[in-house]
Amino acid sequence: MEEYKFTEFGSRLKALREQNNIKQGQFADKIGIVRQSMSNYESGKHCPDVEVLKRMANCLDCSVDYLLGLTEHRNYESNAEFDKSLSILTKALYPIPEPIRNVWLDTFVGTAQWLGKDFNTNAHLHFSAVTFFNTLIELAGYCLEAQEKQTEGNYSEELAAEYRKKRFSMMLSLRNELNELDLSSNEMIEQCKGDE
């Protein structure tokens, strides 16, 4: 006998329902299905017909494609926003020489994949990692901005002092976030040792 075929659908359905603070029985009543069917859908045993899927998606403010696991975008608006962001990113990356671009993309994709794994379970660790990554990017931005000003001939001693101050501030932030990451990761390792 085949194990639950619709696990991803069931997981997404349950997560969205819980995010909307609707009890399983209430949701079943709201979309006009039997409560046992709702339980079977969330456990991945069955998948509803198209009409029920449409009612579910409408009630949960998401697309049917998202419920079925065919897209990572909850609705069409978020998909359009993502496409716009991707277009901006593509334009920003295009002028960067290929070897540097490839290293940057590998780092970015690896970070995104790591952050996407079980985000809610390790939210504090992930938050520190995101903050560290953003601070690192901000630091690089200040350095590039200073270099640009110098190339344009607009780099005064006053501006140099301002950039040194920003750089020092960013380095302190990086150190603090790295300490937070270290503490979080150490707590998780110790917790794992205790679970053995």
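Here the 3J(HN,Hα) profile of region 171-181, calculated from phi with Karplus coefficients 6.51, -1.76 and 1.60 at θ = phi - 60°, is 5, 5, 4, 4, 4, 4, 5, 5, 4, 4, 4 Hz, Gly and Pro shown as x.
Couplings for region 142-159, taken from phi via the Karplus curve 6.51 cos²θ - 1.76 cosθ + 1.60 with θ = phi - 60°, read 4, 5, 5, 5, 5, 5, 5, 4, 5, 5, 6, x, 9, 9, 8, 5, 4, 5 Hz in order; Gly and Pro are left as x. Working note: Karplus 6.51/-1.76/1.60 with θ = phi - 60° gives region 19-31 the couplings 4, 8, 6, 10, 6, 4, x, 4, 5, 4, 4, 5, 9 Hz, where Gly and Pro are set to x. Proximity of backbone amide H atoms, modeled 1.01 Å from N, is registered between ASN75 and SER63 at under 5 Å, excluding neighbours fewer than 5 places apart on the same chain.
Report, in deg cm²/dmol and to the nearest 500, the calculated mean residue ellipticity at 222 nm for the chain, where each DSSP H run with n ≥ 4 adds -39500 (n - 2.57) and the sum is divided by the residue count.
Details: 9 runs with 151 residues, N = 196.
Helix-only estimate at 222 nm: -26000 deg cm²/dmol.
Values quoted throughout were computed directly from the atomic coordinates according to the rules given, and no laboratory measurement underlies them. Just so it is clear, the model here is predicted, and its values are computed rather than measured.
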